[in-house]
1. Determine the pairs where a residue that is part of a loop (DSSP other than H, G, I, E, B), located within the stretch 2-26, has a partner that is acidic (Asp, Glu) with Cβ atoms under 7 Å apart, the partner being 6 or more residues away or on another chain.
2. Looking only at the stretch 34-47, count how many residues are surrounded by 16 or more Cβ atoms within 10 Å (Cβ to Cβ) and of a type outside the set (Val, Ile, Thr).
3. Which of the residues spanning the stretch 85-98 are more than 25 Å from the chain's Cα centre (by Cα) and surrounded by 12 or more Cβ atoms within 10 Å (Cβ to Cβ)?
4. If residue 21 passes every condition in (1) closer than 30 Å to residue 106 by Cβ; (2) outside the structural domain of residue 101 (by TED's automatic domain parsing) but one, which one does it miss?
5. Does the stretch 54-69 hold any residues that are more than 10 Å from residue 102 (Cα to Cα) and touching a Phe, Trp or Tyr at 6+ places or on another chain (Cβ under 8 Å), and which are they?
6. Whether any residue in the stretch 99-117 is surrounded by 11 or more Cβ atoms within 10 Å (Cβ to Cβ), at pLDDT below 90, farther than 30 Å from residue 2 by Cβ and touching an Asp or Glu at 6+ places or on another chain (Cβ under 8 Å) is what I want to check.
7. Do we find that residue 50 is loosely packed, with under 14 Cβ neighbours inside 10 Å and not in a helix (DSSP H, G or I) in this structure?
Amino acid sequence: MYEIGQIITKEQHIDFANWCAVNRPKMSTEPVGDGTYRIIETPVLPEPEPTRSQMHELRKQAYAETTDKLTLEKLRLQAIGQWTEQKDDEYIDRIGALSAEIKKKYPFSHKITPADQVGQGQE
């Protein structure tokens, strides 16, 4: 019904907005003058990089989902006397590998951004 580049009137604009919301959410309009609008493709904006504090939370969550489970299993097996040196070596290797994966997946620099300062109450 509507296409990129099409010029619509002010009266059609409301119908277009309703149609677009249901059918083509990646379309919008820009005014061209005299109460008319051109249909344009809505640009896809890149996701902003997470702040240092957000990245810290992502890492914390990743550790909780992976390494913490291994540590709890280790503690349980130690408590019932079933923890061995071989299991300890495997545990250390696995924790090291998971930690490296998490740090690679959720890197953060040592720079503090304005968003970090606001999050820390340093406006």
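The values are calculated or read from the model by the stated rules, or taken from the named source; none is laboratory data. Keep in mind that this is a model prediction, so the values were computed, not measured. Counting neighbours? That spans all protein chains shown, and the Cβs are built from the backbone with ideal geometry, glycine included.
1. Once the first residue is part of a loop (DSSP other than H, G, I, E, B) and sits in the stretch 2-26, its partners that are acidic (Asp, Glu) give 4/41; 26/41.
2. 1
3. 87, 88, 90, 91, 94
4. Every listed condition holds for residue 21 apart from (1).
5. Listed by number, the residues that qualify are 55, 56.
6. yes
7. Here the answer is no, as residue 50 does not meet what is asked.
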